[in-house]
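As structure tokens, the structure follows; a few thoughts come after it.
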Amino acid sequence: MNWRQGRLEPGDRLSVQERDERLAALTGDQQSYLQSMLTRGRRTRFANSLARAKGYQIPEDTDPEDLEQMLDEWVYAGFVDGGQVTPELRCECGRALRYRHEVRHKTSGITRYFGIDHLMEHTGIDAKVVADILKGFEAIDYELDEILLKLEKGWSFDPSLLSSPMPPEIERQVQLELPLLDRQILFLRRQQVEQKKRDHKERPVEERMTNGPLVMDDLFGATFPGLPQPLASAASVSENEPSDSTPVPFDLPVTLQEPVLNYLRSGTKSVRIICELLIHHHGAPGGRFSTGKPKLFPTVCLFLEGRSEWTGSSIGQEDRSYTGKEKSDSFNHSLG
Ligand SMILES: [Zn+2]
């Protein structure tokens, strides 16, 4: 079967009833996978909108756990679908709902339940931010439609994608015989191209990195979704030019080193997030490349690459994550 079968036309959408019917025809495992995909997607979009409103600039695919480290107010906690409007599910104002969303206030611990059109009324989140969140939620709904419609149109998995290492989320989706989203396919293809690129490059520095070698392109990387890699690399030459003349420290200033390590110890993994926190809370230089990536990013990565207790790996095209090899007692063993 041609894997291209099942391509969607722009604007293909399902009505609520069509979506319900298609969902009901799925297995229990497929349904619960899609439910958790929706929850996680909304949680990410929600945190992303709030973080952007605070002036943080982070890649779209950053984990919600990491994003929420930057927020001290509302975080998305999930939703319930009653199947129909039911008195069991009520908005804060008492109105009966079918879909009830839940957010939790990080500092006060307060939880609020509401129908999505009362998000602003019951949380006090600014109207502009609410509009951005709703746009994000709509995009998540569209992803559900994309999967359901592809399933209906006989989508099948392109075996050439199998060669790349699969993130657990995608692997699970394939196991459950659920079609992949266009963005997931793009991600896998990009990963393959990057892997090939790495196989061709011999870098002595890679020898001490066990998980995902650090490539300079990753650090300054300005890559463009949808472009074949050679084009993206060529384009990144101009993108790599700093957008202003703020001096970029090559070595991470001593005053920023401890904050970086503290963020990692408290569970933040994303260097992009750590850079935002350093800029906003520790007076770090705020210069950015034209893609929005802080100029501090490569500096923080190089600092961490020099510390044997942290292991780095790439997150998508625009970020790196670091996790501790041994959580507590290894801080005295330097690389030497
Ligand atoms: Zn309400």
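Among 66-77, 126-137, sorting by the average number of other beta carbon atoms lying within 10 angstrom of each residue, highest first, gives 66-77, 126-137.
How do 263-270, 43-50 rank on mean C-beta neighbours within 10 Å, highest first?
On the way: 263-270: 17.9, 43-50: 23.6.
Per-residue mean Cβ counts within 10 Å order the peptides as 43-50, 263-270.
For R98, which sequence-distant residues (separation of 5 or more, or a different chain) have an amide H within less than 5 Å of its own amide H, given hydrogens modelled in the peptide plane? Here the answer is T86, since their amide H atoms fall under 5 Å of that of R98. Applied to the range 173-182, the Karplus parametrisation 6.51 cos²θ - 1.76 cosθ + 1.60 on θ = phi - 60° returns per-residue 3J(HN,Hα) values of 4, 5, 4, 7, 6, 9, x, 8, 6, 3 Hz, with x for Gly and Pro. Count Lys and Arg as plus one, Asp and Glu as minus one, and take only other residues whose Cβ is under 14 Å from that of S49; the net charge is then +1.
Summing charges over all other residues whose Cβ lies under 12 Å from the Cβ of M37, with Lys and Arg as +1 and Asp and Glu as -1, gives 0. One decimal place: the segment R198-T111 gains 26.7 nm when fully extended, by the rule 0.36 nm per residue minus the C-alpha distance.
Calculate the dipole size of the range 16-152 relative to its Cα centre from +1 charges on Lys and Arg beta carbons and -1 charges on Asp and Glu beta carbons; express the result in debye to the nearest 20.
Values: 18 positive and 26 negative charges, 86 e Å.
Here the range 16-152 has a charge dipole of around 420 debye.
Computed with the Debye formula from one identical point scatterer per Cα of the range 16-152, without solvent, the log10 of I(q)/I(0) at q = 0.15 Å⁻¹ comes to -0.77.
Couplings for the range 26-40, taken from phi via the Karplus curve 6.51 cos²θ - 1.76 cosθ + 1.60 with θ = phi - 60°, read 7, 6, x, 5, 4, 4, 6, 4, 5, 4, 6, 5, 5, 4, 5 Hz in order; Gly and Pro are left as x.
Expressed as a rounded percentage, what relative contact order does the range 16-152 have, with Cα pairs under 8 Å and six or more residues apart?
Numbers: 163 pairs, mean separation 30.0, N = 137.
It rounds to 22 percent for the range 16-152.
A short reminder: the numbers here are calculations on the coordinates, not readings from a lab. Because the structure is a prediction, the values reported are computed rather than measured. Glycine gets a Cβ as well: all are built from the backbone with ideal geometry, and neighbour counts include every protein chain shown.
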